[in-house]
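**Student:** Please read through the structure below; I'll follow up with questions.
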Amino acid sequence: MPKRAMRWARSSGMMAALAPWLFACLPLVSLADAPATPASGDSSIEDRGAATSAAPHPFTAHYRLKVEGWPAAYIEHRLSRDGDYWESLMETDIRVARGSERSRFLLQNEGVQSLFYASGYSLMGIGDSYRLDAEPLEALPDRQTALFSFSRRIINGDCTSDTCDIHYLDHKGREELLRARVQGNSRVTLPAGTFPALTAEAWEADKPDRRLLFRFHPEVPGLLLSVDYQRDGKRHSHLVLSELTVQE
């Protein structure tokens with residue numbers, strides 16, 4: 001193969017690997033509000049009631065994302081409220097690439113209902129955009145809504161005694177399945193400060209060698225403290241909270 005063709009093949013392969021990080025900001029991050037797994041016996045009814053009552057707070061967070069083989073990128077993540085609706089937005093912009101993902105959802109007594117989703121990316125002049133309207137989102141949430149829902153489940157004490165099967169729609173509206181479980185709580189020191197953290201692990205049901213290790217804030221649903229993406233036991237990317245502003 002000519003050298004130019006080899007360079008293009010290598011670049012296009014790297015683009016294929018990085019593109020999900022641009023329009024989704026996190027690979028495999030899409031987690032849904034699946035039926036709850038009973039909490040462990042250590043959690044009382046009163047404890048679960050207190051956790052469930054944790055209300056969402058609008059926030060603006062900045063993350064530093066390092067993907068193996070690429071320069072560091074910075075992601076802005078905003079959770080905001082507009083009347084009865086909530087909106088989650090992630091955006092990243094580095095020298096050769098841009099990406100964003102946005103969703104709107106409604107909080108209801110029985111859970112979270114996705115209403116709208118849009119994402120897009122551009123890498124070295126090549127890109128695409130995606131959109132899901134209310135109809136396909138009636139049964140399963142989009143990725144941004146699912147991330148919010150997943151963090152609330154962890155705060156509520158789900159997935160502690162067993163794994164949770166989690167269904168969601170990807171950026172093209174295809175149904176996907178992940179499994180997740182809680183690993184415990186701790187305190188973590190990050191560029192943004194020191195925080196209590198709830199740690200949860202997630203993986204694709206048919207690709208158990210690919211794992212995400214999430215650390216969530218126990219009082220701010222939707223906020224990521226850090227995320228590690230591992231494949232074959234090796235960390236390939238790392239996201240960490242670098243700045244945070246939370247509104248009461």
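**Student:** Subtract the Cα-Cα distance of Ser129 and Asp228 from 0.36 nm times their separation in residues, and report this length gain in nm to one decimal.
**Tutor:** Gain in length upon complete extension: 33.1 nm.
**Student:** At a Cα cut-off below 20 Å, give the aspartates and glutamates reachable from Lys172, other chains included and same-chain residues fewer than 8 away excluded.
**Tutor:** In chain and number order, the partners are Asp33, Glu87, Glu91, Glu101, Asp128, Asp133, Glu135, Glu138, Asp142, Glu204, Asp206.
**Student:** Let me ask you something else. Keeping all protein chains in position, work out how much accessible area Thr194 exposes to a 1.4 Å probe, and write it in Å² to the nearest 10.
**Tutor:** Rounded to the nearest 10, the figure is 70 Å².
**Student:** Right, next: Using the Cα gyration tensor of the range 188-248, with a ≥ b ≥ c the square roots of its eigenvalues, what is the shape: rounded (a/c below 1.5), prolate (a/b larger than b/c) or oblate (neither)? Write down the numbers at each step before the final one.
**Tutor:** Numbers: a/c = 2.93, a/b = 1.96, b/c = 1.49.
Prolate, since a/c reaches 1.5 and a/b exceeds b/c.
**Student:** Under a crude label model (7 Å from the Cα following the beta-carbon direction), how far is His62 from Arg95 in nanometres?
**Tutor:** Using points 7 Å along Cα→Cβ, the separation is 1.9 nm.
**Student:** Nearest 0.05, what FRET efficiency do Leu106 and Asp165 give at R0 = 41 Å with Cβ-Cβ as r?
**Tutor:** Result of the calculation: an efficiency of 0.95.
**Student:** In whole angstrom, how long is each semi-axis of the equivalent ellipsoid of the range 59-177, when you take the square root of 5 times every eigenvalue of its Cα gyration tensor and sort them from largest down?
**Tutor:** Taking √(5λ) for each eigenvalue gives 25, 17, 15 Å, largest first.
**Student:** Suppose R0 equals 51 Å. What FRET efficiency, 1/(1 + (r/R0)^6) with r the Cβ-Cβ distance, do Lys172 and Thr194 give to the nearest 0.05?
**Tutor:** On the way: r = 39 Å, r/R0 = 0.77.
It comes out at approximately 0.85.
**Student:** Suppose each label sits 7 Å from its Cα in the direction of the beta carbon; what would the Trp70-Ser242 distance come out to in nanometres?
**Tutor:** Placing both labels 7 Å beyond Cα along the Cβ direction yields 1.5 nm.
**Student:** Using a 1.4 Å probe, how large is the accessible area of Glu87, given in Å² and rounded to the nearest 10?
**Tutor:** 40
**Student:** Taking R0 as 30 Å, what's the FRET efficiency between Asp84 and Gln183 from their Cβ-Cβ distance, rounded to 0.05?
**Tutor:** In this case the efficiency is close to 0.30.
**Student:** According to the square roots a ≥ b ≥ c of the eigenvalues of the Cα gyration tensor, what is the shape class of the range 111-248, taking rounded for a/c under 1.5, prolate for a/b larger than b/c otherwise, and oblate for the remainder?
**Tutor:** Working: a/c = 1.35, a/b = 1.29, b/c = 1.04.
Rounded.
The values are calculated or read from the model by the stated rules, or taken from the named source; none is laboratory data. What you are looking at is a predicted structure, and each value in this text was computed from that prediction instead of being measured. Counting neighbours? That spans all protein chains shown, and the Cβs are built from the backbone with ideal geometry, glycine included. Ligands, DNA and RNA are stripped out before the accessible areas are found, and what is left, the full protein with its side chains, is counted by its heavy atoms. Shrake-Rupley method; radii C 1.70, N 1.55, O 1.52, S 1.80 Å.
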